[in-house]
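J.: Following this message is one structure expressed as structure tokens.
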Amino acid sequence: MKHSNIEEGLGLERREGPERRRGDGEEPLRLVRPSGEYREAYLDFYREWKESGETIVPWVVDRDPVDFEAYLLFLEGMEKREGLPENGVPSSTFWLVGRTRRVLGAVNLRHELNEWLLQSGGHIGYGIRPSQRGRGYAAVQLALALEQARERGIPRCLVVCDRDNLPSERTIRRCGGERDEDYTEEDGNVIRRFWIGTGGKGGLSY
């Protein structure tokens, strides 16, 4: 599938630069690098998710940002291979924002895969704050993350979800996901695995 077809399928208008607008006239959305400029917006995002009691994804969002400068340094170190957790891989984190500069979601792009990520983690972990779900933001965020992967030269991305997470599976398929073999974790949970070509150097194109 060509890249432009993914945008059409998601109802997006192609725009110059990293910004995307929903074709139905909703606010433009873009991924931004974590910075002090978004401190209050991010803390509000974090508090809402913690108060919901849900599991936070991607995992980097679950780290307490009360010392915001330290949190930013942690994310920067993850990208530079500094202070990686055991069996960790370098990754880049982005926040999804709209015109109001409210943080709507977060995405963590892993630059490479280890054995665990190949089985059940994938290249891209992403999530939308509880109050903003059901508006198509997850699909936009994933499409923008795939653009970031392409810019890094990652030819195709593995994106996963639990077997019973049908909304996530629909999002992945809308972005061109082609199903691979499932992976069953030790506790019996079944992971659905999908590959999406990014058009990156040396890789598959849409």
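Values in this text are rule-based calculations from the coordinates and carry no lab data. Only a predicted model underlies this, so the values are computations on that prediction, with no experimental measurement involved. All Cβ positions, even for glycine, are placed from backbone atoms using ideal geometry, and neighbour counts span all protein chains on display.
J.: What ranking do 154-166, 176-188, 46-58 get when scored by the average of other Cβ atoms within 10 Å per residue, highest first? Working shown, then result.
T.: Details: 154-166: 18.2, 176-188: 12.3, 46-58: 14.0.
Final packing ranking: 154-166, 46-58, 176-188.
J.: Oh, and also: Along the Cα→Cβ direction, 7 angstrom out, place labels at GLU86 and ARG170. What is the inter-label distance in nm?
T.: Between GLU86 and ARG170, the simple spin-label model gives 4.0 nm.
J.: Also, quick follow-up: Counting only residues 5 or more places away or on other chains, whose amide H sits under 5 Å from the amide H of ASP162 once H atoms are built in the peptide plane?
T.: Close amide H contacts, sequence-distant or interchain: ARG192.
J.: By counting other Cβ atoms within 10 Å of each Cβ, how are ILE191, ILE124 ranked from fewest to most?
T.: Values: ILE191 18, ILE124 25.
Ordered by Cβ neighbours within 10 Å, fewest first: ILE191, ILE124.
J.: Based on the alpha-carbon gyration tensor of the stretch 107-171 and its eigenvalue square roots a ≥ b ≥ c, which shape applies: rounded if a/c is under 1.5, prolate if not and a/b is larger than b/c, or oblate?
T.: oblate
J.: Give me GLU69, GLU79 ranked fewest to most by other Cβ atoms within 10 Å of their Cβ, as a rough exposure proxy.
T.: Ascending number of Cβ neighbours within 10 Å: GLU69, GLU79.
J.: Tell me, what HN-Hα J-couplings in whole Hz come from the Karplus equation 6.51 cos²θ - 1.76 cosθ + 1.60 at θ = phi - 60° for each residue of the stretch 52-69, using x for Gly and Pro?
T.: For the stretch 52-69, the Karplus-derived couplings read 6, x, 7, 5, 8, 9, x, 4, 5, 6, 6, 6, 5, x, 4, 8, 5, 5 Hz, x marking Gly and Pro.
J.: For the stretch 83-94, take each phi angle, set θ = phi - 60°, evaluate the Karplus expression 6.51 cos²θ - 1.76 cosθ + 1.60, and give the result in whole Hz per residue in order, putting x for glycine and proline.
T.: For the stretch 83-94, the Karplus curve yields x, 5, x, 4, 6, x, 10, x, 8, 10, 10, 9 Hz.
J.: Under a plain spin-label model, where a point goes 7 Å from the Cα along Cα-to-Cβ, how far apart in nm are GLU69 and ILE56?
T.: Taking the two extended label points, one gets 2.1 nm.
J.: On to the next question. Please list 3J(HN,Hα) in residue order for the stretch 124-135, calculated via the Karplus relation 6.51 cos²θ - 1.76 cosθ + 1.60 where θ = phi - 60°; whole Hz, with x for glycine and proline.
T.: For the stretch 124-135, the Karplus-derived couplings read 10, x, 8, x, 10, 4, x, 6, 10, 7, x, 10 Hz, x marking Gly and Pro.
J.: Relative to the present Cα-Cα distance, how much length would full extension add between GLU76 and ASP180 at 0.36 nm per residue of separation?
T.: Details: separation 104, 0.36 × 104 = 37.44 nm, distance 3.20 nm.
Length gained between GLU76 and ASP180: 34.2 nm.
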